[in-house]
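Report on the following structure.
The values are calculated or read from the model by the stated rules, or taken from the named source; none is laboratory data. From a predicted model like this one, the values you see are computed outputs, not experimental measurements. In this analysis, Cβ positions are derived from the backbone assuming ideal geometry, glycine residues included, and neighbour counts consider all displayed protein chains.
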Amino acid sequence: MTRRAVVLLLAVALGLAACGGDNSDLERYVAEVRARPSEPIEPIPEIADYTPYTYRADDRRGPFTPNMPEPERGGSGPTPDTDREREPLEAYPLDALRMVGTISRGGTMYALIKAPDNVIHRIKRGDHMGQNYGEVTAVSENGIALSEIVSDGAGGYVQQPAALAPTQ
């Protein structure tokens, strides 16, 4: 037998010897836990009887009828120019765009807009941005004012103001 085999055999024997021992304290604790009285289980709660409700509309408005009269579809409100070529910043929602600064050149104020793809775009009054056909109406150091055309939910559109403040 080689010296290496003897050392390995001796290590295994010592390891097995360490596994044995007095477990009386562990056995005593397990017996103590098993001897404890168990807590009583809460009874199942009583289920209340179901009382059905019958809806009688009589002369009242139905629960799924709109409260206000429906506006005419395709009304005379503003409509987005769908024939216009979309600008790069119209691919992103307005809340995904960040105003990072302004520059003035030749009497025109430009805003610097950072898109989610980390590209900086230069925009001015009359440019478009956002997914709601937003047209830039004013550019200043305090932010950008826009006029968006959004659906009114009845087939038409309404014009509403929007703004983009500079990022701190």
Quiz item: Which one of these does residue 90 not meet: (1) over 14 Å from residue 162 (Cβ atoms); (2) in a helix (DSSP H, G or I)?
Solution: (1)
Quiz prompt | Hits in segment 147-168 - residues which are out of contact with any strand residue (DSSP E or B) (no Cβ under 8 Å at 6 or more places or on another chain) and under 22 Å from residue 82 (Cα atoms) | solution = 153, 154, 155, 156
Exercise. Write out, first by first residue and then by second, each pair whose Cβ atoms fall under 7 Å of each other, whose residues are 6+ apart or on separate chains, and whose first residue, in segment 151-167, is free of Cβ contacts under 8 Å to residues at least 24 places away in the same chain and closer than 24 Å to residue 123 by Cα while the second is surrounded by 14 or more Cβ atoms within 10 Å (Cβ to Cβ) and among the acidic types (Asp, Glu).
Key: 160/148
Exercise. May I ask you to say which residue of 46, 27 is out of contact with any strand residue (DSSP E or B) (no Cβ under 7 Å at 6 or more places or on another chain) and either at pLDDT 90 or above or on the phi > 0 side of the Ramachandran plot (or both)?
Key: 46
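Would you say residue 65 is β-branched (Val, Ile, Thr), part of a loop (DSSP other than H, G, I, E, B) and loosely packed, with under 11 Cβ neighbours inside 10 Å? It would help to see each step written out before you state the result.
Numbers: β-branched (Val, Ile, Thr): yes; part of a loop (DSSP other than H, G, I, E, B): yes; loosely packed, with under 11 Cβ neighbours inside 10 Å: yes.
Judged against the criteria, residue 65 is a match.
Within segment 138-168, take every residue that is under 17 Å from residue 98 (Cα atoms) and of a type in the set (S, T, N, Q) and give me the one that is nearest to the chain's Cα centre (by Cα). Give the steps one after another, and end with the answer.
Filtering segment 138-168 for residues under 17 Å from residue 98 (Cα atoms) gives 138-146, 162-168.
Those left that are additionally of a type in the set (S, T, N, Q): 140, 142, 167-168.
Numbers: 140: 31, 142: 28, 167: 21, 168: 23 Å.
Among them, the one singled out is 167.
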Quiz item: Which of (1) among the acidic types (Asp, Glu); (2) closer than 20 Å to residue 96 by Cβ; (3) surrounded by fewer than 19 Cβ atoms within 10 Å (Cβ to Cβ) is the odd one out, the single condition residue 127 does not satisfy?
Solution: (3)
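Filter segment 104-150 for residues that are small (Gly, Ala, Ser) and assigned to a strand (DSSP E or B) and give the result. Show your work before the answer.
Applying the first criterion (small (Gly, Ala, Ser)) to segment 104-150 yields 104, 106-107, 111, 115, 126, 130, 134, 138, 140, 143, 145, 147.
Scanning segment 104-150 gives 104, 111, 134, 138, 140, 143, 145, 147.
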Quiz item: If residue 101 satisfies every condition in (1) small (Gly, Ala, Ser); (2) in a loop (DSSP other than H, G, I, E, B); (3) in contact with a strand residue (DSSP E or B) (Cβ under 7 Å, 6 or more places away or on another chain) but one, which is the exception?
Solution: (2)
